[in-house]
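Q: The structure that follows is given in the form of structure tokens.
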Amino acid sequence: MRARRGWAWMWMFLGSLYFFIPLLGTFLFSLHGKRGVLSFAAYHRVFADPHFLETFTFSLQMAILTIIVGLTLLIPTVIWIHLRAPWAKPIVETCSLLPFVIPPIVLVFGLIRMYSSPPFQIVSSRGLLVAGYVVLSFPYIYRSVDAGLRAIDLRGLTEAAQSLGAGWGTIMFRVVLPNMRVSLLSAAFLTFSIVIGELTLAVMLAWPAFGPYMAHVGRDLAYEPAAIAILSFLLTWGLIGLMQLASRSIGGQSSTLGGTH
Amino acid sequence: MIDQPAGQRGARSVRPFSLPPSHAWLGILPFALFALAFMILPAGSLLLGSFQDPQGSFTLANIAHLTRPDILKCYLVSIEVSAVTALASGLFGLLLAYSVTLGGLPKGLRSGLLTFSGVASNFAGVPLAFAFIATMGRVGMVTVVLKTVFGINLYNHGFSLYSFWGLCLTYLYFQLPLMVLIITPSLDGMKKEWREASESLGASKTQYWLHIGLPILAPPLLSSMILLFGNAFGAYATAYALTGGLLNLVPILIGAQIQGDVLHDPNLGYALAFGMVIVMTICILAYTALQKHASRWLK
């Protein structure tokens, strides 16, 4: 027993080293923005760059649009499957998991091939970027919504509401959705964290998004990228923290598995 | 349990498989159309393109060209990076998860590790590459400390962050936490009673692991590693930001092909993408098959 715990401590120690050294190293590196002294100069320069705010705002808008489109598309579909069309579950489930099989680089290749010539010449529209992002977030949104619906007695709730005279609007917005807000929140956070720094689609479709901006900074500068890495880690940490906080205070399950690499 | 009349049983088993109600399919139409337009048809057009020559007539030449030495090399490097990181993070992740579940470490460490893993598995792409450049790059903090304090110059000993092993080391940062997250539930499912039963029957620790522990853990372990393999195989952003285009991976080559005709043949590019989908499909099929097997013991 003691030997086992000793090993356990050692693996934990090695793991912590691997996890924390890059963070510590990056943080220390980012403080060297001014010659000879430790300072937050690199951070100041990152925030002072107008492109930082521009590209971040752009990606923020894309993230919000993706969340809206993704949820509007998937919530009714999954509810419909649960209530009326259980036979369609395998079809929708497979479609939602397909993005695991089609990597982003392949997806964007296909989108470009299909939509850069008539009759559908929409390769330069923001809509296509958002559509691609919605596809990338399918697995995460589907899983969250499905888990949220499975955790409640959907049929019982809708039938009870109906017998009390509620219409479909009331049922959706005042009964079903409030009962699955944790799952919806976790879907939104995961989608946000995927889209905000996404590189592949944004670079290939030539959008001034935050991901390509970061890559650009990395090519030209030394200390600012480290500062961006720290900021981005804090952002991810904040998002996951908010997600767990929500699930703890409201109750319910949330999955943190995600990310495009 | 009272035996049900045959007719009732029949009706029961028929209902889930009955024909869909006439208009129920309308409800999934919006989703189906969206998936078709922005995922299935685009991917399908690549599939089609990989069997066409530039003039649009049918050919198998693109598929045959996948065996060209330079392209084969690309697939090989991609597969090696994915296999090495899947194996390394698979084993190390298992040990980490083991130490917070069965290893008897304090409860606080467990939730700490899981929370951190949730964050780290989402921390990838460009910022992750930056973090490793700042740490292990030519003038990174660790490189400099090793050089000035310990007199070890990593870059003189054949290490480079921008090469194969550097990429593996970087990928490990999102692979390892992912492994911890997916294998922890399986370790939680290992019942204490199995160990106690085997001990009371006189089995040694080695015998327990050899005949009980590992056979039960093997399917989830293997399926997790397959998932990690696929995860690394499709990764583009991290490799792009880290190596630029120095290391020829399949996603990097496809990316270069999209931005300019580096293969001098767009249809070969489609075949390249098609090959990638094939590898990923094999991964996911193997994963689901093993998962089914795994869920027999570990609930």
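The values are calculated or read from the model by the stated rules, or taken from the named source; none is laboratory data. Owing to the predicted nature of the structure, the values given are computational and were not obtained by experimental measurement. Because the Cβ atoms are built from the backbone with ideal geometry, glycine has one as well, and the counts that use them run over all protein chains shown.
Q: Quick one: in segment B:277-299, of everything that is in contact with a Gly (Cβ under 9 Å, 6 or more places away or on another chain) and not in a helix (DSSP H, G or I), which residue is modelled with the lowest pLDDT?
A: Residue satisfying both the conditions and the ranking: B:Lys299.
Q: Identify the residue in segment A:19-60 that is more than 14 Å from every other protein chain (Cβ to nearest Cβ) and in a loop (DSSP other than H, G, I, E, B) and, among all such residues, is farthest from A:Leu201 (Cα to Cα). Before the answer, list the steps.
A: Applying the first criterion (more than 14 Å from every other protein chain (Cβ to nearest Cβ)) to segment A:19-60 yields A:34, A:36-37, A:39-41, A:44-45, A:47-51, A:53-54, A:57-58, A:60.
Narrowing the set further to residues that are in a loop (DSSP other than H, G, I, E, B) leaves A:36, A:40, A:49.
Details: A:Gly36: 40, A:Phe40: 32, A:Asp49: 23 Å.
Among those residues, the one meeting the criterion is A:Gly36.
Listed here are the residues, each with its yes/no results for (1) over 24 Å from A:Tyr213 (Cα atoms); (2) at pLDDT 90 or above; (3) part of a helix (DSSP H, G or I).
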residue	(1), (2), (3)
B:Ala131	no, yes, yes
B:Thr135	no, yes, yes
B:Ile152	yes, no, no
B:Leu167	no, yes, yes
B:Ser223	yes, no, yes
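Q: Let me ask something else. Taking the stated definitions as given, is B:Ile71 of a type in the set (Val, Ile, Thr), part of a helix (DSSP H, G or I) and at the interface with chain A (Cβ under 8 Å from one of its Cβ atoms)?
A: So B:Ile71 fails the test.
Q: Only one of these is of a type in the set (Gly, Ala, Ser), surrounded by fewer than 19 Cβ atoms within 10 Å (Cβ to Cβ) and more than 30 Å from B:Leu169 (Cβ to Cβ): B:Ala83, B:Ala32. Name it. Before the answer, list the steps.
A: Numbers: B:Ala83 fails: more than 30 Å from B:Leu169 (Cβ to Cβ).
Being of a type in the set (Gly, Ala, Ser), surrounded by fewer than 19 Cβ atoms within 10 Å (Cβ to Cβ) and more than 30 Å from B:Leu169 (Cβ to Cβ) holds for just one of B:Ala83, B:Ala32, which is B:Ala32.
Q: Quick check on this structure: which one of B:Gly151, B:Gly56, B:Gly140, B:Gly44 is at the interface with chain A (Cβ under 9 Å from one of its Cβ atoms), surrounded by fewer than 17 Cβ atoms within 10 Å (Cβ to Cβ) and either without any contact (Cβ under 8 Å) to a residue 40 or more places away in the chain or not polar (S, T, N, Q) (or both)? So that I can check it myself, show each step before the final result.
A: Details: B:Gly151 fails: at the interface with chain A (Cβ under 9 Å from one of its Cβ atoms); B:Gly56 fails: at the interface with chain A (Cβ under 9 Å from one of its Cβ atoms); B:Gly140 fails: surrounded by fewer than 17 Cβ atoms within 10 Å (Cβ to Cβ).
Residue meeting the stated conditions: B:Gly44.
Q: Can you pull out every residue in segment B:88-135 that is closer than 23 Å to B:Ala218 by Cα, of a type in the set (Ser, Thr, Tyr) and out of contact with any Pro (no Cβ under 7 Å at 6 or more places or on another chain)?
A: B:Ser89, B:Tyr98, B:Ser99, B:Thr101, listed by residue number.
Q: Right, something else. Restricting to segment A:123-178, give me the number of residues that are assigned to a loop (DSSP other than H, G, I, E, B) and farther than 24 Å from A:Lys89 by Cβ.
A: Going residue by residue through segment A:123-178, those that are assigned to a loop (DSSP other than H, G, I, E, B) are A:123-125, A:152-153, A:164-167.
Narrowing further to those that are farther than 24 Å from A:Lys89 by Cβ: A:123-125, A:164-167.
The number of residues fulfilling the criteria is 7.
Q: Given the criteria surrounded by fewer than 16 Cβ atoms within 10 Å (Cβ to Cβ), modelled with pLDDT under 90 and outside any helix (DSSP H, G or I), does B:Gly108 qualify?
A: Values: surrounded by fewer than 16 Cβ atoms within 10 Å (Cβ to Cβ): yes; modelled with pLDDT under 90: yes; outside any helix (DSSP H, G or I): no.
Judged against the criteria, B:Gly108 is not a match.
Q: For the structure I just gave you, tell me whether B:Gly230 is at positive phi, under 23 Å from the mean Cα position of the chain (by Cα) and at the interface with another protein chain (Cβ under 9 Å from one of its Cβ atoms).
A: Considered against the rule, which asks whether it is at positive phi, under 23 Å from the mean Cα position of the chain (by Cα) and at the interface with another protein chain (Cβ under 9 Å from one of its Cβ atoms), B:Gly230 comes out as no.
Q: Could I ask something else about it? Could you tell me which residue of segment A:202-261 is surrounded by the most Cβ atoms within 10 Å (Cβ to Cβ), considering only residues that are outside any helix (DSSP H, G or I) and at pLDDT 90 or above?
A: Looking at residues that are outside any helix (DSSP H, G or I) and at pLDDT 90 or above, I get A:Ala209.
Q: Those residues that are part of a helix (DSSP H, G or I) and touching a Cys at 6+ places or on another chain (Cβ under 6 Å), I need them from segment B:230-270; list them, please. Let's see the steps before the verdict.
A: Residues of segment B:230-270 part of a helix (DSSP H, G or I): B:230-233, B:237-243, B:250-259, B:266-270.
Correct list: B:Gly230, B:Val250, B:Leu253.
Q: Within the set of pairs 6 or more residues apart or between chains, which connect a residue that is over 17 Å from A:Leu136 (Cβ atoms) inside segment A:105-125 to a residue that is of a type in the set (Val, Ile, Thr) and modelled with pLDDT under 90 with Cβ atoms less than 7 Å apart?
A: Note: pairs meeting the criteria are A:Ser116/A:Val123.
Q: Right, another one. Can you find even one residue in segment B:215-222 that is more than 10 Å from every other protein chain (Cβ to nearest Cβ) and touching a Cys at 6+ places or on another chain (Cβ under 7 Å)?
A: As a first pass, look at segment B:215-222 and keep what is more than 10 Å from every other protein chain (Cβ to nearest Cβ): B:215-222.
Imposing the further condition that a residue be touching a Cys at 6+ places or on another chain (Cβ under 7 Å) reduces the set to none.
No: zero hits.
Q: Going residue by residue through segment A:126-135, is there one that turns out to be in contact with a Pro (Cβ under 6 Å, 6 or more places away or on another chain), touching a residue at least 60 places away in the same chain (Cβ under 8 Å), closer than 20 Å to A:Met62 by Cβ and within 13 Å of another protein chain (Cβ to nearest Cβ)?
A: no
Q: Tally up the residues in segment B:77-102 that are small (Gly, Ala, Ser) and closer than 15 Å to B:Met280 by Cα, please.
A: Initial filter on segment B:77-102 (small (Gly, Ala, Ser)): B:78, B:82-83, B:86, B:88-90, B:93, B:97, B:99.
Add one more test, that the residue is closer than 15 Å to B:Met280 by Cα, and what stays is B:78, B:82-83, B:86.
Adding up the residues that qualify gives 4.
Q: A further question follows. Condition first: of a type outside the set (S, T, N, Q), crowded, with 18+ Cβ neighbours inside 10 Å and closer than 24 Å to B:Val145 by Cβ. Now tell me which residues in segment A:29-58 satisfy that.
A: Selection gives A:Phe29, A:Leu31, A:His32, A:Gly33, A:Ala41, A:Ala42, A:Tyr43.
Q: Take the conditions out of contact with any strand residue (DSSP E or B) (no Cβ under 6 Å at 6 or more places or on another chain), over 26 Å from B:Gly275 (Cβ atoms) and not in a helix (DSSP H, G or I) and apply them to A:Pro118. Does it pass? Can you show your working first?
A: Numbers: out of contact with any strand residue (DSSP E or B) (no Cβ under 6 Å at 6 or more places or on another chain): yes; over 26 Å from B:Gly275 (Cβ atoms): yes; not in a helix (DSSP H, G or I): yes.
Taking the combined requirement at face value, the residue satisfies it.
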